[in-house]
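Written below as structure tokens is the structure these notes are about.
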Amino acid sequence: MPYYRQVGEIPHKRHTAFRKPDGGLYAEELMGVEGFSADSALLYHRGLPTAIVDAVAIEDERGPITPNHPLKPRAFKTHDLKFGDADAVTDRRRLFGNADVTIGFVHANRPSPLYRNAAGDELFYVQGGSATVETIYGSLEIGDGDYLVIPTSCTYRVLPHDDGGVKLLTIEARGHIGPPKRYLSAKGQFLEHSPYCERDIRGPSEPLVVDGTDVEVLVRHRVGLTRYTYATHPFDVVGWDGCLYPWVFNIDDFEPITGRVHQPPPVHQTFEGPNFVVCSFCPRKVDYHPESIPVPYNHANVDSDELMFYVRGNYEARKGSGIEVGSLSLHPSGFTHGPQPGAAEASIGAQFFDETAVMVDTFAPLDLGEAADASEDHGYAWTWSGRGPGA
């Protein structure tokens, strides 16, 4: 994260004796990315973060992914996915994936196990409901419209609230997720042209200290899943400081960038990850040239697949296609895509769009997971022509 935070108790100098009330030493843990040459946080544990008493290989049950073949635009309805009694970690259903990113969805209504993704950062988007996310850094409250960035190897658990649980779009990177570099100064401060800034970000504000022994933690790593049993509870951190920690940003705090004519998707960019970007399309005044066409023009995005998640309002370019709140559309590289028939003409003269959507553009093709197969609207590809195969 671009700015420094200090939470709880820490000593005046790093790597010096910091003692418990009984005279013993707190155990330091440096969480850092890119070796010792990038952002880090220094945490102080009551117990040893290295003390495990068991390690067991766990089967990964995400199921296979298959190529988007035949190549065509596709749409999916997340409300068609059935979850029942589900947690936010083990019951995620995989929608899409490639070597860089896995995208899933879950409607969780019970606490998750303690979990750590050691293969990359995670990004949640809250589509509805609310939850408490407990982490080694402290707790965070998340609700509708929140993005939550969880850094690699941060141990956490998700505790849905009782009023219907929480719906999450989950994005798991093979690497790190952060604000676009063009929004940041050389020293990491958000610049004046950025559509959000430090004031919009929430991080943990106090330590979360939990007692316990022989505590299980599920860990995703580069070759699969392992369940560790720790001698003491990982949530025993009395203080930490640094620039690496989980943080929350709400989509309603994104300030849209507009112009006289239609602005391209990069003005909506909110995050970047390894070979993908995440954009936020928010309610906004639209183009003010007297003859402007506010909806997107037809475009062949030749280097990326475009995945759009429709979360609120009415998405002007997709009217008449069966797209509704909770739907996803996938427009792959190799297919020229654009507004539905009549949308361009209907948009002329519009002054405001009341739509909210989250877009993920990947620079490698997205394959389809079992949840995509279970929720696909098979008529979507033909909505531009009004004719299906053989018609």
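The values are calculated or read from the model by the stated rules, or taken from the named source; none is laboratory data. No experiment lies behind these values; they were computed from the predicted model shown. Cβ placement follows ideal geometry from the backbone for every residue including glycine, while neighbour counts extend to all protein chains displayed. In case anyone asks, the SASA skips ligands and DNA or RNA and just uses the protein heavy atoms, side chains included. Shrake-Rupley method; radii C 1.70, N 1.55, O 1.52, S 1.80 Å.
Structure data summary
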quantity	calculated
Segment 81-95 residues that are over 19 Å from Thr226 (Cβ atoms) and among the acidic types (Asp, Glu), paired with ones that are open to solvent by 50 Å² or more (accessible area, probe 1.4 Å) and outside any strand (DSSP E or B) (beta carbon under 7 Å, 6 or more apart)	Asp85/Asn109; Asp85/Arg110
Of all residues making up segment 313-337, the number that are free of Cβ contacts under 8 Å to residues at least 60 places away in the same chain and in contact with a Pro (Cβ under 6 Å, 6 or more places away or on another chain)	1
Residue, most open to solvent (accessible area, probe 1.4 Å), within segment 254-285, restricted to residues that are assigned to a strand (DSSP E or B) and among the β-branched types (Val, Ile, Thr)	Val277
Set Gly188, Gly203, Gly212: member being on the phi > 0 side of the Ramachandran plot and modelled with pLDDT of 95 or more	Gly212
Residue identified as in contact (Cβ under 8 Å) with a residue 60 or more places away in the chain, within 16 Å of the chain's Cα centre (by Cα) and buried (at least 22 other Cβ atoms within 10 Å of the Cβ) among Tyr156, Tyr137	Tyr156
Those strands (runs of 3 or more DSSP E) lying entirely in segment 304-391 with at least 1 residues β-branched (Val, Ile, Thr) and under 20 Å from the mean Cα position of the chain (by Cα)	305-313, 355-362
Near pairs, Cβ below 7 angstrom, 6+ apart or cross-chain, from segment 240-265 (farther than 18 Å from Asp354 by Cα) to any residue that is polar (S, T, N, Q) and open to solvent by 50 Å² or more (accessible area, probe 1.4 Å)	Asp241/Gln6
Residues that are more than 23 Å from Asp214 (Cβ to Cβ) and either touching a residue at least 12 places away in the same chain (Cβ under 8 Å) or open to solvent by less than 50 Å² (accessible area, probe 1.4 Å) (or both), drawn from segment 29-54	Leu30, Met31, Gly32, Val33, Ala38, Asp39, Ser40, Ala41, Leu42
Evaluation of Pro70 against (1) free of Cβ contacts under 8 Å to residues at least 24 places away in the same chain; (2) buried (at least 17 other Cβ atoms within 10 Å of the Cβ); (3) not acidic (Asp, Glu) (one fails), failing number	(2)
Any hit, segment 358-365, residues being open to solvent by 10 Å² or more (accessible area, probe 1.4 Å) and not hydrophobic (A, V, I, L, M, F, W, C)	yes
Criterion (under 23 Å from Asn117 (Cβ atoms), touching a helix residue (DSSP H, G or I) at 6+ places or on another chain (Cβ under 8 Å) and at pLDDT 95 or above) met by exactly one of Phe235, Phe249	Phe249
Strands (runs of 3 or more DSSP E) (entirely within segment 71-112) containing at least 2 residues that are of a type outside the set (A, V, I, L, M, F, W, C) and within 14 Å of the chain's Cα centre (by Cα)	93-97, 101-108
Tally, over segment 369-379, of residues that are open to solvent by less than 10 Å² (accessible area, probe 1.4 Å) and aliphatic (A, V, I, L, M)	2
In segment 82-97, the residues that are of a type outside the set (Gly, Ala, Ser) and surrounded by fewer than 19 Cβ atoms within 10 Å (Cβ to Cβ)	Lys82, Phe83, Asp85, Thr90, Asp91
Residue within segment 293-302 that is without any contact (Cβ under 8 Å) to a residue 40 or more places away in the chain, assigned to a loop (DSSP other than H, G, I, E, B) and open to solvent by 10 Å² or more (accessible area, probe 1.4 Å) present	yes
Residue list for segment 184-199, filter: farther than 17 Å from Asp39 by Cα and either part of a strand (DSSP E or B) or open to solvent by 40 Å² or more (accessible area, probe 1.4 Å) (or both)	Leu191, Glu192, His193, Cys197, Arg199
Tabulated pairs, segment 3-20, first closer than 13 Å to Gly203 by Cβ, second open to solvent by 100 Å² or more (accessible area, probe 1.4 Å) and of a type outside the set (A, V, I, L, M, F, W, C), C-beta under 9 angstrom, 6+ apart or interchain	Tyr3/Gln189; Val7/Glu206; Gly8/Glu206
